[in-house]
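Visitor: Submitted below is the structure of interest, expressed as structure tokens.
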Amino acid sequence: MKQIKSNLTQLAKNLRVNQTDAEKLIWKKLRSKQLGNIKFRRQQPIGNYIVDFVSFEKKLIIELDGGQHAIDTQKDEERDKWLTGQGFKVLRFWNNDVLRNIEGVLETIMEKLSHSPKPPASAGLCLPTSILKGMQGRDNSVRMIAWEVTRSCNLNCVHCRAASHRGPYPGELSTEKCLRLIDDIAKNYQPVIILTGGEPLLRPDIFEIAAYGTSKSLRMVMATNGTLVDEPTARKMIESGIQRVSISIDGKDAESHDSFRGEPGAFEGAMRGIEAMKSVGMEFQINTTITTANLHQIKDIHDLALKMGAAAHHIFLLVPTGRGKDLAQQAITAADYEETLMWFHQESRTCEIQLKATCAPHYFRIMHQNKIKGAAPAKKTGGRFHESTRGCLGGITFCFISHVGQVQPCGYLELNCGNVQEQSFGEVWENSEVFRNLRDYGKYGGKCGRCEFIKVCGGCRARAYEATGDYLSEEPLCLYEQK
């Protein structure tokens with residue numbers, strides 16, 4: 001037995017020296033503590049096996065698989081059964097998924113970690129007893145926060161929820177309050193923080209805020225229109241620990257994009273910003289808001305994202321709030337909505353970059369329908385990012401914090417759930433009546449409440465509210481009827 005153990009230890013050492021590119025990438029992310037202060041070990045002997053990565057604290061094992069695993073799965077199943085019997089959870093990813101979509105892989109790992117039993121207060125959870133009682137038996141860990149650090153903007157986009165142009169806007173959080181908010185969030189949660197606006201680069205302290213969040217082991221990303229990005233700015237993004245930047249492209253060319261963004265030169269400026277980020281190695285994705293004005297261009301915009309070397313393409317279906325109310329007539333029909341999401345799903349099967357539909361919860365219903373019909377190939381847990389999440393996340397694992405500290409389910413559903421200038425983030429997140437209602441699917445009305453896909457879709461709560469005044473009513477842009 002000692003000889004076997006010695007041989008495994010030596011083999012593990014050899015594997016650490018000869019890591020694959022996928023193993024190197026994920027180890028870099030795990031060592032940087034992007035998943036919080038959770039310690040992972042690599043190529044670690046457990047019993048008669050060597051696992052790729054393991055957190056003994058969380059009893060979580062991460063295994064990376066190459067092509068040979070698709071041919072013979074029996075050994076993997078036997079290995080996983082034994083490891084599960086020892087109390088471990090096992091996550092498996094294809095090497096190619098790690099290389100193409102590391103952010104999605106990390107999201108899946110975070111989701112699995114968030115399902116771990118919450119530690120008692122004595123183990124370092126800093127929430128008051130009243131909140132801890134409300135958390136017992138539930139997993140409401142916030143995984144992503146969109147933080148409107150400023151409402152000021154240098155563009156005048158026709159759909160913007162903030163209806164913003166220039167500014168300044170009164171009541172925005174000071175640098176000190178921003179850093180205090182990060183402390184407050186990081187005490188109990190480890191979400192992705194999206195620094196958004198307005199235009200976040202108009203805040204002179206934006207990189208101080210980003211760097212501070214990074215120092216607290218939060219994963220910081222940024223949403224910008226790209227026009228203010230040059231090479232020095234892109235370098236500051238990297239230096240402050242920003243992991244990815246999204247740039248909005250809403251037309252295939254300057255004419256269509258500039259019309260949507262309300263300023264001539266917006267398209268050219270975004271292209272310059274992308275080139276600046278590429279020159280220093282800053283990862284970026286393309287976001288596209290779909291309306292009747294650009295629906296016919298969506299395939300061209302997608303091809304442009306691929307050509308530019310984007311890490312991902314996220315599409316957003318117009319939600320008619322803010323100045324977007326004036327574009328209600330440009331919202332696509334329910335039939336176009338369905339057709340567009342079907343095309344996007346088909347594209348996701350073979351596309352070399354990450355694809356995700358946002359403000360389009362039906363996408364996840366479509367994905368599951370295809371799985372049920374056997375049209376989608378089986379994939380192991382932790383495939384592409386859209387397979388590790390659900391439709392409407394507002395108030396469930398996602399929330400929005402406005403420029404004055406108001407917490408909302410999302411940027412489009414402007415319901416005041418509390419304010420971080422008046423109470424702790426944890427108190428708002430755990431105790432808000434709106435959030436509690438959104439987490440209780442039994443309270444959803446209309447056909448959403450009857451739908452078998454309620455847990456994977458949820459319907460857009462902002463559209464429901466805009467159409468009926470009731471955020472729990474049925475999604476107005478859904479053709480599906482329960483069978």
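Visitor: Residues in region 462-481, backbone N under 15 Å from the label point at K447 (7 Å along the Cα-to-beta-carbon vector): list them, ranges by number please.
Guide: Answer for region 462-481: 464, 473-481.
Visitor: While we're on this one: Once you order the gyration tensor axes a ≥ b ≥ c over the Cα atoms, which shape class does region 162-236 get: rounded for a/c under 1.5, otherwise prolate or oblate by comparing a/b with b/c?
Guide: oblate
Visitor: 5 Å is the cut-off here: which amide hydrogens, built 1.01 Å from N in the peptide plane, fall below it relative to S246, excluding neighbours closer than 5 in sequence?
Guide: M222, A223, T224, Q285
Visitor: I would also like to ask the following. At most 14 other Cβ atoms within 10 Å and a DSSP loop assignment: could you name the GluC sites (Glu not before Pro) in region 427-483 that fit?
Guide: Those satisfying the criteria are E452, E481.
Visitor: From the phi angles alone, apply the Karplus equation (6.51, -1.76, 1.60; θ = phi - 60°) to region 175-187 and give each ³J(HN,Hα) in whole Hz, x where the residue is Gly or Pro.
Guide: Couplings: 4, 4, 5, 5, 5, 5, 5, 4, 4, 4, 5, 5, 4 Hz.
Visitor: Ignoring ligands and nucleic acids, what accessible area does W343 show with a 1.4 Å probe (Å², nearest 10)?
Guide: Using a 1.4 Å probe on the heavy atoms, I get roughly 60 Å².
Visitor: Additional query: Evaluate E = 1/(1 + (r/R0)^6) for N96 and D303, where r is the Cβ-Cβ distance and R0 equals 25 Å; express this FRET efficiency to the nearest 0.05. Spell out each step's value before the answer.
Guide: Values: r = 22 Å, r/R0 = 0.86.
It comes to 0.70.
Visitor: Using heavy-atom solvent-accessible surface (probe 1.4 Å) with all chains present, what is the largest-first order of D52, D253? Before the final figure, lay out each step's value.
Guide: On the way: D52 20, D253 55 Å².
Sorted descending by solvent-accessible area, the residues read D253, D52.
Visitor: Here is a follow-up. Measuring from centroid to centroid over Cα atoms, what is the spacing of region 435-483 and region 331-357 in Å?
Guide: After rounding, the separation between the Cα centres reads 21 Å.
Visitor: Estimate the FRET efficiency between R31 and N370 by the formula 1/(1 + (r/R0)^6), using the beta-carbon distance for r and 51 Å for R0, to the nearest 0.05.
Guide: Result of the calculation: an efficiency of 0.85.
Visitor: Using only protein heavy atoms and a 1.4 Å probe, report how much of L202 is accessible, in Å² to the nearest 10.
Guide: Per-residue accessible area (L202): approximately 80 Å².
Visitor: Work out from phi, with θ = phi - 60° and the Karplus expression 6.51 cos²θ - 1.76 cosθ + 1.60, the ³J(HN,Hα) of each residue of region 404-414, listed in order in whole Hz, and give x for Gly and Pro.
Guide: After applying 6.51 cos²θ - 1.76 cosθ + 1.60, I find 9, x, 6, 9, 10, x, 7, x, 9, 9, 7 Hz.
Visitor: A further question follows. Rank R436, R151, R461 by accessible area, highest first, at a 1.4 Å probe radius?
Guide: Ranking R436, R151, R461 by accessible area, largest first, yields R436, R151, R461.
Visitor: Local charge sum around V280 (other residues, Cβ-Cβ under 15 Å, Lys/Arg +1, Asp/Glu -1)?
Guide: Once all neighbours under 15 Å are counted, the net charge is 0.
Visitor: State, to one decimal in nm, how far the label point of S279 lies from the label point of Q86, with both points 7 Å from Cα in the Cβ direction.
Guide: 5.1
Visitor: Here is a further query. Give me, ordered by chain and number, the residues 5 or more places off V90 or on other chains with an amide H under 5 Å from its own placed amide H.
Guide: Under 5 Å from the amide H of V90: I61.
Visitor: If you plug each phi of region 446-459 into the Karplus form 6.51 cos²θ - 1.76 cosθ + 1.60 with θ = phi - 60°, what whole-Hz ³J(HN,Hα) values come out, in order, with x for Gly and Pro?
Guide: Here the 3J(HN,Hα) series is x, 6, 4, x, 9, 6, 6, 9, 4, 7, 9, 10, x, x Hz.
Visitor: Additional query: Taking amide H positions as placed in the peptide plane 1.01 Å from N, state which residues far from D65 in sequence (5 or more) or on other chains have amide H under 5 Å from it.
Guide: Excluding prolines and chain starts, which carry no amide H, the hits are F93, W94, N95.
The values are calculated or read from the model by the stated rules, or taken from the named source; none is laboratory data. Predicted, not measured: the structure shown is a model, and the values here were computed from it. A quick note on method: Cβ atoms are made from the backbone with ideal geometry, for glycine too, and the neighbour counts reach across all protein chains shown. When the accessible area is computed, the model is the full protein with side chains, heavy atoms only, and any ligands, DNA or RNA have been set aside. Shrake-Rupley method; radii C 1.70, N 1.55, O 1.52, S 1.80 Å.
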